[in-house]
1. Would you tally the residues in the range 21-68 being assigned to a helix (DSSP H, G or I), surrounded by 21 or more Cβ atoms within 10 Å (Cβ to Cβ) and among the aliphatic types (A, V, I, L, M)?
2. Does the range 69-83 contain at least one residue that is over 20 Å from Arg408 (Cα atoms), within 16 Å of the ligand (Cβ to nearest atom) and either free of Cβ contacts under 8 Å to residues at least 24 places away in the same chain or part of a loop (DSSP other than H, G, I, E, B) (or both)?
3. Please state which one of Ala298, Ala344 is over 27 Å from Val121 (Cβ atoms) and either more than 16 Å from the ligand (Cβ to nearest atom) or surrounded by 22 or more Cβ atoms within 10 Å (Cβ to Cβ) (or both).
4. Would you mind finding the one in Thr70, Thr100 that is in contact with a strand residue (DSSP E or B) (Cβ under 9 Å, 6 or more places away or on another chain), on the phi < 0 side of the Ramachandran plot and β-branched (Val, Ile, Thr)?
5. Go through Phe252, Phe283 for me and flag whichever is away from the ligand (no atom under 16 Å from the Cβ) and either of a type in the set (A, V, I, L, M) or crowded, with 16+ Cβ neighbours inside 10 Å (or both).
6. Can you tell me which residues in the range 306-320 are away from the ligand (no atom under 16 Å from the Cβ) and surrounded by fewer than 17 Cβ atoms within 10 Å (Cβ to Cβ)?
7. Out of the residues in the range 354-401 meeting the condition of being basic (Lys, Arg) and either within 24 Å of Trp165 (Cα to Cα) or in contact with a helix residue (DSSP H, G or I) (Cβ under 7 Å, 6 or more places away or on another chain) (or both), tell me which one is nearest to the ligand (Cβ to nearest atom).
8. Among the numbered criteria (1) out of contact with any Phe, Trp or Tyr (no Cβ under 6 Å at 6 or more places or on another chain); (2) in contact (Cβ under 8 Å) with a residue 60 or more places away in the chain, which one does Arg324 miss?
Amino acid sequence: MPDATQAPSFDPPGFALPGLTLGVASAATQIEGGDADTNWHRWADVPGRIADGTTPRRAADHWNRVEQDTALLGELGIGHYRMGLEWARIEPSPGHFDRTAINHYRDELTALRAAGITPLVTLHHFNNPGWFEAAGGWEARHALTVFDRYVDYVLVNLGDLVDEWITLNEPNVYATKGWVDGDWPPGVSGSIRRAQKVMQTMAAAHIRTYLTIHRAWPRAKVGVANHLRAFAPKRRWNPLDRVSARGAEYLFQTALTRAFSVGRFLAPFVQPPDIDPGHYYDFQGINYYTRSSVTGLADGVARRVPVNDLGWEIHPAGLVEVARWTHERYPGPIWITENGTPDAADAFRPLFLHDHLKAIAGSGLPIERFYHWCFTDNFEWAEGEEPRFGLVALDYPTQQRTVRESGRFYADIIANRGVTAAAYRRWVLGRHYPRNDA
Ligand code: FCB
């Protein structure tokens, strides 16, 4: 806790974070637990699809622990919380809405606000109702109007409690995992064409939702949580790798960011007849985790670099690189809507946090928010419960929550609005990243 009588010292190697507000992020399917009939529940029920055989049914049991988790946010001084809604709970069958479920979210939002915590609410985070998925999901002809109906219901019932919205989480990851890699639902492999179609539909869904929210709540802030990756040629000077890296970047994020931000759908997208070019974001939300090393059609991880528990490269400079890229094309406030790392031992997470925040501090970019992924450990999609992304450790069988040292560090950064020299010595000094050449 800071000493109120004395301003915190940011003498090097400390640094202040003026203008940056910190929070934590989560997603409904990853933390709530329970038996909602989602695409992920159905997917996880087929043996072999989730690395450790778990399902979203246990997760962090957040549905039953809202009070406890809200209190813990408060204890750590966290004033901004990104949370998701479970569409399948809200609309368990087509056009039928569940009052109990929506009231549960009303209660949660009310409790957060009463605790002085500002919610940022995600409408779609990889999670479809089972019935929507079975009817073709985002490839179905009526996907957009079905999604509109859900959005309308949410706005009427929660709109008075929410000022900040994320329409969609990472359409590029969702489409690539589901239609190219095939290891996420709906499990289609190798169809770049269908993945592009899904991204196009989701970009259109964002724009429609952006307009709908603003019609109802003109002062609301609305954006996408856009997964942006740093792309690098595997062989730095190899012309083929350089072209491949640009190509991968274009297909994965460049065209998509343009489509949802300003309504311009360049090839391979097709301009939807009912969408005019415009300005469709109040902030640019960025989820940043890693850098891809590209050669030919393959994208992977460079050798001899720092890596996390899942083998992803740790590359803090990439966060500012993608933020700058975004800002040059789509100026306006930037919110880092996710950044974090799997680190079960909590051995290098404090260093990771420090390095990413330090990169922001020196960037000169209008980065207003930073949401750490995640608050507590949770169900990490096809990887299951194994990867540990939380500032708070979760013992799954007992559901015991234990704040990690990185969580204490984060609370200290929030309280002091920066990394003090003392915090640096206590939490950062002497830590190292694992490397993939070790
Ligand atoms: C992002 C997802 C989030 C979480 C992190 C680790 O791609 O948006 O749900 O799984 O990765």
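The values are calculated or read from the model by the stated rules, or taken from the named source; none is laboratory data. Note that the structure is predicted; figures quoted are calculated from it, not measured. With ideal geometry, Cβ positions are generated from the backbone for all residues, glycine too; neighbour counts draw on all protein chains shown.
1. Pass one, the range 21-68, residues assigned to a helix (DSSP H, G or I): 28-31, 39-44, 62-64, 66-68.
The next check asks that each one be surrounded by 21 or more Cβ atoms within 10 Å (Cβ to Cβ); those that pass are 28-31, 39-40, 43-44, 62.
So of that shortlist, the ones also among the aliphatic types (A, V, I, L, M) come out as 28, 31, 44.
Matching residues across the range 21-68 total 3.
2. Just the residues of the range 69-83 that are over 20 Å from Arg408 (Cα atoms), to begin with: 83.
Now narrow it down to the ones that are within 16 Å of the ligand (Cβ to nearest atom): 83.
Then keep just the ones that are either free of Cβ contacts under 8 Å to residues at least 24 places away in the same chain or part of a loop (DSSP other than H, G, I, E, B) (or both); that gives none.
The answer is no, given that none of the residues of the range 69-83 is over 20 Å from Arg408 (Cα atoms), within 16 Å of the ligand (Cβ to nearest atom) and either free of Cβ contacts under 8 Å to residues at least 24 places away in the same chain or part of a loop (DSSP other than H, G, I, E, B) (or both).
3. On the way: Ala344 fails: either more than 16 Å from the ligand (Cβ to nearest atom) or surrounded by 22 or more Cβ atoms within 10 Å (Cβ to Cβ) (or both).
None of the other options fit; the residue is Ala298.
4. On the way: Thr100 fails: in contact with a strand residue (DSSP E or B) (Cβ under 9 Å, 6 or more places away or on another chain).
The match here is Thr70.
5. Working: Phe252 fails: away from the ligand (no atom under 16 Å from the Cβ).
Result of the check over Phe252, Phe283: Phe283.
6. To start, the set of residues in the range 306-320 that are away from the ligand (no atom under 16 Å from the Cβ) comprises 306, 316-317, 320.
Of everything in the range 306-320, just one residue is away from the ligand (no atom under 16 Å from the Cβ) and surrounded by fewer than 17 Cβ atoms within 10 Å (Cβ to Cβ), namely Ala317.
7. The first filter runs over the range 354-401 and keeps only residues basic (Lys, Arg), leaving 358, 369, 388, 401.
With the extra rule that they be either within 24 Å of Trp165 (Cα to Cα) or in contact with a helix residue (DSSP H, G or I) (Cβ under 7 Å, 6 or more places away or on another chain) (or both), the set shrinks to 369, 401.
Values: Arg369: 16, Arg401: 19 Å.
Only one residue tops the list, namely Arg369.
8. (2)
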